[in-house]
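Below is one structure; the comments refer to it alone.
The values are calculated or read from the model by the stated rules, or taken from the named source; none is laboratory data. As the structure is a computational prediction, the values presented were derived from the model and not from experiment. As a convention, Cβ positions derive from the backbone with ideal geometry for all residues, glycine included, and neighbour counts pool all protein chains shown.
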(Lines give C-alpha, C1' and ligand atoms only; values in the text may rest on other atoms or scores of the structure.)
Protein backbone atom coordinates (compact mmCIF):
# COMPACT_ATOMS: atom_id res chain seq x y z
CA UNK A 1 0.00 0.00 0.00
CA UNK A 2 1.32 3.41 -0.93
CA UNK A 3 0.41 6.34 1.28
CA UNK A 4 -0.16 9.99 0.49
CA UNK A 5 2.97 12.05 -0.01
CA UNK A 6 4.00 13.84 3.19
CA UNK A 7 7.57 14.68 2.24
CA UNK A 8 7.06 18.11 0.66
CA UNK A 9 8.79 19.54 -2.38
CA UNK A 10 12.21 20.31 -0.92
CA UNK A 11 15.57 18.55 -0.88
CA UNK A 12 15.34 17.05 2.61
CA UNK A 13 13.05 15.03 4.85
CA UNK A 14 11.99 16.29 8.26
CA UNK A 15 14.57 15.01 10.82
CA UNK A 16 11.89 14.83 13.53
CA UNK A 17 10.16 11.82 11.95
CA UNK A 18 10.74 8.30 13.27
CA UNK A 19 12.75 7.11 10.26
CA UNK A 20 14.99 10.15 9.88
CA UNK A 21 15.57 10.79 13.59
CA UNK A 22 16.73 7.21 14.09
CA UNK A 23 18.83 7.25 10.92
CA UNK A 24 20.67 10.34 12.19
CA UNK A 25 20.92 9.76 15.93
CA UNK A 26 20.26 6.02 16.24
CA UNK A 27 22.92 4.80 13.82
CA UNK A 28 25.73 7.33 14.13
CA UNK A 29 27.42 7.46 17.57
CA UNK A 30 29.34 10.65 16.75
CA UNK A 31 26.10 12.51 16.01
CA UNK A 32 24.17 11.40 19.09
CA UNK A 33 27.24 12.10 21.27
CA UNK A 34 27.44 15.62 19.86
CA UNK A 35 23.73 16.18 20.45
CA UNK A 36 23.93 14.93 24.06
CA UNK A 37 27.13 16.80 24.92
CA UNK A 38 25.72 20.06 23.56
CA UNK A 39 22.29 19.89 25.18
CA UNK A 40 22.80 18.06 28.48
CA UNK A 41 24.10 19.97 31.54
CA UNK A 42 27.42 18.14 31.66
CA UNK A 43 30.60 19.60 33.15
CA UNK A 44 33.71 19.63 30.91
CA UNK A 45 35.11 16.55 32.68
CA UNK A 46 31.80 14.69 32.28
CA UNK A 47 31.54 14.85 28.49
CA UNK A 48 30.53 11.67 26.67
CA UNK A 49 33.42 10.15 24.73
CA UNK A 50 31.83 6.92 23.48
CA UNK A 51 28.38 5.37 23.20
CA UNK A 52 26.83 1.96 22.64
CA UNK A 53 23.23 1.73 21.52
CA UNK A 54 20.66 -0.07 23.67
CA UNK A 55 17.43 -1.79 22.62
CA UNK A 56 14.04 -0.16 23.18
CA UNK A 57 12.64 -3.09 25.12
CA UNK A 58 11.96 -0.88 28.14
CA UNK A 59 9.44 1.32 26.33
CA UNK A 60 6.19 1.13 28.36
CA UNK A 61 2.66 1.15 27.03
CA UNK A 62 1.31 4.68 26.80
CA UNK A 63 -2.24 5.49 28.02
CA UNK A 64 -2.81 7.10 24.61
CA UNK A 65 -1.37 6.39 21.21
CA UNK A 66 2.39 6.78 20.92
CA UNK A 67 3.05 7.26 17.23
CA UNK A 68 4.32 10.75 17.98
CA UNK A 69 7.15 9.56 20.24
CA UNK A 70 10.53 8.60 18.78
CA UNK A 71 13.39 7.55 21.03
CA UNK A 72 17.04 6.50 20.92
CA UNK A 73 18.86 4.89 23.87
CA UNK A 74 22.56 4.51 24.50
CA UNK A 75 25.15 4.04 27.23
CA UNK A 76 28.80 5.04 27.58
CA UNK A 77 31.86 3.25 28.94
CA UNK A 78 31.17 4.66 32.42
CA UNK A 79 27.77 2.95 32.47
CA UNK A 80 25.77 6.17 32.24
CA UNK A 81 22.55 5.77 30.26
CA UNK A 82 21.07 8.34 27.91
CA UNK A 83 17.53 8.41 26.57
CA UNK A 84 16.81 10.82 23.71
CA UNK A 85 13.16 11.32 22.85
CA UNK A 86 11.50 13.31 20.11
CA UNK A 87 7.91 14.19 21.04
CA UNK A 88 6.03 15.74 18.15
CA UNK A 89 3.29 17.22 20.29
CA UNK A 90 2.52 17.50 23.97
CA UNK A 91 0.09 15.22 25.76
CA UNK A 92 -0.86 14.86 29.44
CA UNK A 93 1.07 11.61 29.88
CA UNK A 94 4.40 12.63 28.41
CA UNK A 95 6.18 13.64 31.63
CA UNK A 96 4.95 10.51 33.42
CA UNK A 97 6.22 8.39 30.51
CA UNK A 98 9.64 10.04 30.71
CA UNK A 99 9.75 9.42 34.47
CA UNK A 100 8.78 5.77 34.04
CA UNK A 101 11.35 5.24 31.29
CA UNK A 102 14.11 6.73 33.43
CA UNK A 103 13.09 4.70 36.48
CA UNK A 104 13.13 1.48 34.47
CA UNK A 105 16.57 2.37 33.15
CA UNK A 106 17.80 2.65 36.76
CA UNK A 107 16.15 -0.55 37.94
CA UNK A 108 17.41 -2.66 35.04
CA UNK A 109 21.03 -1.80 35.90
CA UNK A 110 21.03 -4.17 38.87
CA UNK A 111 20.41 -7.84 39.32
CA UNK A 112 18.80 -8.98 42.54
CA UNK A 113 22.03 -9.39 44.56
CA UNK A 114 24.15 -6.55 43.19
CA UNK A 115 25.34 -3.55 45.14
CA UNK A 116 23.40 -0.26 44.87
CA UNK A 117 26.69 1.59 44.52
CA UNK A 118 26.93 0.17 40.99
CA UNK A 119 23.97 2.25 39.80
CA UNK A 120 25.03 4.80 37.19
CA UNK A 121 23.22 8.04 36.28
CA UNK A 122 20.39 8.16 33.76
CA UNK A 123 19.91 11.26 31.61
CA UNK A 124 16.74 11.94 29.63
CA UNK A 125 16.80 14.48 26.82
CA UNK A 126 13.29 15.18 25.54
CA UNK A 127 12.94 17.28 22.40
CA UNK A 128 9.36 18.53 22.05
CA UNK A 129 7.96 19.98 18.84
CA UNK A 130 5.23 21.67 20.86
CA UNK A 131 4.72 23.95 23.86
CA UNK A 132 3.92 22.06 27.05
CA UNK A 133 5.36 24.11 29.93
CA UNK A 134 3.83 27.16 31.55
CA UNK A 135 6.83 29.41 31.10
CA UNK A 136 7.96 32.53 29.27
CA UNK A 137 8.01 32.71 25.45
CA UNK A 138 11.82 32.44 25.38
CA UNK A 139 12.18 29.83 28.12
CA UNK A 140 12.57 26.72 25.99
CA UNK A 141 15.20 24.79 28.00
CA UNK A 142 13.97 23.03 31.17
CA UNK A 143 16.50 21.23 33.38
CA UNK A 144 15.13 19.04 36.18
CA UNK A 145 17.14 17.30 38.90
CA UNK A 146 16.28 15.67 42.24
CA UNK A 147 16.97 18.49 44.70
CA UNK A 148 16.23 19.57 48.25
CA UNK A 149 13.33 22.04 48.03
CA UNK A 150 14.84 24.34 50.68
CA UNK A 151 18.43 23.97 49.50
CA UNK A 152 18.46 23.39 45.69
CA UNK A 153 22.25 23.08 45.73
CA UNK A 154 21.80 19.79 47.61
CA UNK A 155 20.84 17.08 45.18
CA UNK A 156 20.53 13.35 44.78
CA UNK A 157 22.53 12.39 41.72
CA UNK A 158 21.31 9.67 39.40
CA UNK A 159 18.41 11.16 37.46
CA UNK A 160 18.44 14.22 35.22
CA UNK A 161 15.68 15.37 32.90
CA UNK A 162 16.08 18.00 30.18
CA UNK A 163 13.09 19.14 28.12
CA UNK A 164 13.58 21.36 25.06
CA UNK A 165 10.53 23.08 23.53
CA UNK A 166 11.58 23.49 19.91
CA UNK A 167 8.96 26.11 18.91
CA UNK A 168 10.36 28.53 21.51
CA UNK A 169 13.97 28.11 20.39
CA UNK A 170 15.74 31.19 19.04
CA UNK A 171 19.45 30.86 18.15
CA UNK A 172 20.47 34.07 19.93
CA UNK A 173 19.32 32.77 23.32
CA UNK A 174 22.18 30.26 23.65
CA UNK A 175 24.65 31.65 21.15
CA UNK A 176 27.54 30.76 23.43
CA UNK A 177 26.91 27.04 22.85
CA UNK A 178 27.54 26.71 19.15
CA UNK A 179 26.76 23.00 18.73
CA UNK A 180 23.55 23.29 20.73
CA UNK A 181 22.43 26.07 18.41
CA UNK A 182 23.38 24.09 15.30
CA UNK A 183 21.57 20.93 16.37
CA UNK A 184 18.44 22.83 17.35
CA UNK A 185 18.55 24.70 14.05
CA UNK A 186 18.87 21.35 12.28
CA UNK A 187 15.74 20.10 14.07
CA UNK A 188 13.71 23.29 13.60
CA UNK A 189 14.79 24.64 10.21
CA UNK A 190 15.08 21.48 8.12
CA UNK A 191 11.82 20.06 6.77
CA UNK A 192 10.12 18.60 3.76
CA UNK A 193 9.99 21.95 1.96
CA UNK A 194 13.61 22.94 2.64
CA UNK A 195 15.34 23.46 -0.72
CA UNK A 196 18.64 24.78 0.65
CA UNK A 197 20.15 24.22 4.09
CA UNK A 198 21.57 27.18 6.06
CA UNK A 199 25.26 27.76 5.40
CA UNK A 200 26.16 27.31 9.07
CA UNK A 201 24.75 23.77 9.03
CA UNK A 202 26.57 22.91 5.82
CA UNK A 203 29.88 24.26 7.11
CA UNK A 204 29.87 22.18 10.30
CA UNK A 205 31.15 18.62 9.82
CA UNK A 206 28.56 16.96 12.05
CA UNK A 207 25.43 18.80 10.94
CA UNK A 208 26.57 18.50 7.33
CA UNK A 209 26.74 14.74 7.82
CA UNK A 210 23.24 14.77 9.32
CA UNK A 211 21.94 16.76 6.36
CA UNK A 212 23.32 14.17 3.98
CA UNK A 213 21.50 11.42 5.88
CA UNK A 214 18.07 13.12 5.59
CA UNK A 215 18.39 14.03 1.91
CA UNK A 216 15.53 12.57 -0.11
CA UNK A 217 17.98 11.33 -2.71
CA UNK A 218 19.59 9.12 -0.03
CA UNK A 219 16.31 7.25 0.62
CA UNK A 220 15.06 4.11 -1.08
CA UNK A 221 11.41 3.41 -1.85
CA UNK A 222 10.83 1.39 1.34
CA UNK A 223 12.22 4.21 3.47
CA UNK A 224 10.07 6.80 1.73
CA UNK A 225 6.98 4.65 2.29
CA UNK A 226 7.91 4.24 5.97
CA UNK A 227 8.41 7.99 6.28
CA UNK A 228 5.03 8.72 4.67
CA UNK A 229 3.23 6.11 6.77
CA UNK A 230 4.72 7.66 9.92
CA UNK A 231 3.22 11.05 9.07
CA UNK A 232 -0.08 9.42 8.16
CA UNK A 233 -0.17 7.83 11.62
CA UNK A 234 0.65 11.21 13.17
CA UNK A 235 -2.19 12.88 11.29
CA UNK A 236 -4.56 10.16 12.48
CA UNK A 237 -3.37 10.61 16.05
CA UNK A 238 -3.82 14.37 15.87
CA UNK A 239 -7.35 13.91 14.51
CA UNK A 240 -8.14 11.51 17.35
CA UNK A 241 -6.85 13.94 19.99
CA UNK A 242 -8.71 16.83 18.39
CA UNK A 243 -11.88 14.77 18.46
CA UNK A 244 -11.34 13.99 22.15
CA UNK A 245 -10.78 17.69 22.86
CA UNK A 246 -13.98 18.73 21.07
CA UNK A 247 -15.94 16.00 22.83
CA UNK A 248 -14.58 17.08 26.22
CA UNK A 249 -15.36 20.72 25.50
CA UNK A 250 -18.93 19.89 24.49
CA UNK A 251 -19.40 17.74 27.60
CA UNK A 252 -18.11 20.61 29.70
CA UNK A 253 -20.62 22.99 28.15
CA UNK A 254 -23.45 20.55 28.83
CA UNK A 255 -22.39 20.24 32.46
CA UNK A 256 -22.31 24.02 32.75
CA UNK A 257 -25.83 24.26 31.28
CA UNK A 258 -27.08 21.64 33.74
CA UNK A 259 -25.49 23.49 36.64
CA UNK A 260 -27.12 26.77 35.56
CA UNK A 261 -30.49 25.06 35.07
CA UNK A 262 -30.32 23.48 38.53
CA UNK A 263 -29.55 26.83 40.19
CA UNK A 264 -32.38 28.55 38.30
CA UNK A 265 -34.78 25.78 39.21
CA UNK A 266 -33.78 26.09 42.88
CA UNK A 267 -34.65 29.78 42.69
CA UNK A 268 -38.08 29.02 41.26
CA UNK A 269 -37.64 30.03 37.63
CA UNK A 270 -40.28 28.50 35.30
CA UNK A 271 -39.03 25.58 33.22
CA UNK A 272 -39.83 27.43 29.97
CA UNK A 273 -37.59 30.33 31.01
CA UNK A 274 -34.78 27.97 32.02
CA UNK A 275 -35.07 26.16 28.68
CA UNK A 276 -34.95 29.44 26.78
CA UNK A 277 -31.80 30.61 28.61
CA UNK A 278 -29.87 27.33 28.70
CA UNK A 279 -31.08 25.72 25.49
CA UNK A 280 -31.84 22.48 27.34
CA UNK A 281 -35.00 20.48 26.50
CA UNK A 282 -37.97 20.95 28.84
CA UNK A 283 -37.95 17.24 29.73
CA UNK A 284 -34.30 17.47 30.83
CA UNK A 285 -35.14 20.44 33.06
CA UNK A 286 -38.21 18.70 34.51
CA UNK A 287 -36.06 15.66 35.34
CA UNK A 288 -33.59 17.72 37.41
CA UNK A 289 -34.01 16.72 41.03
CA UNK A 290 -33.51 19.34 43.72
Filtered residue count, the stretch 204-248, keeping only those that are at pLDDT below 95 and in a helix (DSSP H, G or I): 31
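Yes or no, residue by residue, for (1) under 21 Å from residue 22 (Cβ atoms); (2) modelled with pLDDT under 85:
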residue: 68; (1), (2): yes, yes
residue: 86; (1), (2): yes, no
residue: 99; (1), (2): no, no
residue: 111; (1), (2): no, yes
residue: 116; (1), (2): no, yes
For the stretch 169-192: of the residues being modelled with pLDDT of 90 or more, touching a strand residue (DSSP E or B) at 6+ places or on another chain (Cβ under 9 Å) and more than 24 Å from residue 82 (Cα to Cα), which is surrounded by the fewest Cβ atoms within 10 Å (Cβ to Cβ)? 191
Kindly evaluate residue 146 against the criterion of being modelled with pLDDT of 85 or more and within 20 Å of residue 31 (Cα to Cα). no
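Within the stretch 39-52, how many residues are under 24 Å from residue 95 (Cα atoms) and either surrounded by fewer than 15 Cβ atoms within 10 Å (Cβ to Cβ) or at pLDDT below 50 (or both)? Outline the logic, then answer.
If we filter the stretch 39-52 for residues that are under 24 Å from residue 95 (Cα atoms), which is where we start, we get 39-42.
In the following step, the residues that additionally are either surrounded by fewer than 15 Cβ atoms within 10 Å (Cβ to Cβ) or at pLDDT below 50 (or both) were identified as 41.
Residues in the stretch 39-52 being under 24 Å from residue 95 (Cα atoms) and either surrounded by fewer than 15 Cβ atoms within 10 Å (Cβ to Cβ) or at pLDDT below 50 (or both): 1 in total.
Here's the yes/no breakdown for (1) surrounded by 11 or more Cβ atoms within 10 Å (Cβ to Cβ); (2) free of Cβ contacts under 8 Å to residues at least 60 places away in the same chain; (3) touching a strand residue (DSSP E or B) at 6+ places or on another chain (Cβ under 8 Å); (4) not in a loop (DSSP other than H, G, I, E, B):
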position: 126; (1), (2), (3), (4): yes, yes, yes, yes
position: 131; (1), (2), (3), (4): yes, yes, yes, no
position: 138; (1), (2), (3), (4): yes, yes, no, no
position: 145; (1), (2), (3), (4): yes, yes, yes, yes
position: 151; (1), (2), (3), (4): no, yes, no, no
position: 161; (1), (2), (3), (4): yes, no, yes, yes
position: 164; (1), (2), (3), (4): yes, no, yes, yes
